[in-house]
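The values are calculated or read from the model by the stated rules, or taken from the named source; none is laboratory data. Bear in mind that the values here come from a model prediction, so they are computed numbers and not experimental data. These accessible areas exclude ligands, DNA and RNA; they are computed on the full protein's heavy atoms, side chains included. Shrake-Rupley method; radii C 1.70, N 1.55, O 1.52, S 1.80 Å.
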Amino acid sequence: MHAAPPVRVSLGRSAGWVFFVGLCSGFAAASIAAWVLLRNEAPVAVALLLGFVAALIAAWRMQHSHAPADLMWDGSQWQWQGIAGDAQVALDLGPWMLLRFDPLAGRRCWIAASRASAAGPWLALRAALYARRPDDPL
């Protein structure tokens, strides 16, 4: 069995991912707000408000600052934004995937990839992600 051929896909901002993160953040904020209201503690309410404002700022930055970036398989190694490492599928929903990228040096990052936001061969990317790696035993 041969390794997958090289592939390069430019991944843009996924509107579905931004919506999902916003929805989860909203549910988390609502549950914390309900807890604070039940306990009736003012310092916790202030901390909650500051945390909510920080979450809004983070969501706004995520929505407006994500430029398209390249995910590339050269036949032997993955690269994300020019950094070598290993990419693996963490969650696959067909037209949408959550990828885990472990660089050779540095911190792990998570990549939300969708067919709608990908500029490049989506099926070739999926094939490369699931194909046997050249250094894997049979």
Query raised in the report: Which ones in segment 68-99 are among the charged types (D, E, K, R) and under 13 Å from TYR130 (Cα atoms)?
Result: ASP86, ASP92
**Report entry** Selection within segment 129-138 - over 18 Å from the mean Cα position of the chain (by Cα) and either within 18 Å of TRP17 (Cα to Cα) or open to solvent by less than 50 Å² (accessible area, probe 1.4 Å) (or both)
**Finding:** ALA131, ARG133
Query raised in the report: Looking at segment 91-110, which of its residues are open to solvent by less than 60 Å² (accessible area, probe 1.4 Å) and more than 10 Å from the chain's Cα centre (by Cα)?
Result: ASP92, GLY94, TRP96, ASP102, PRO103
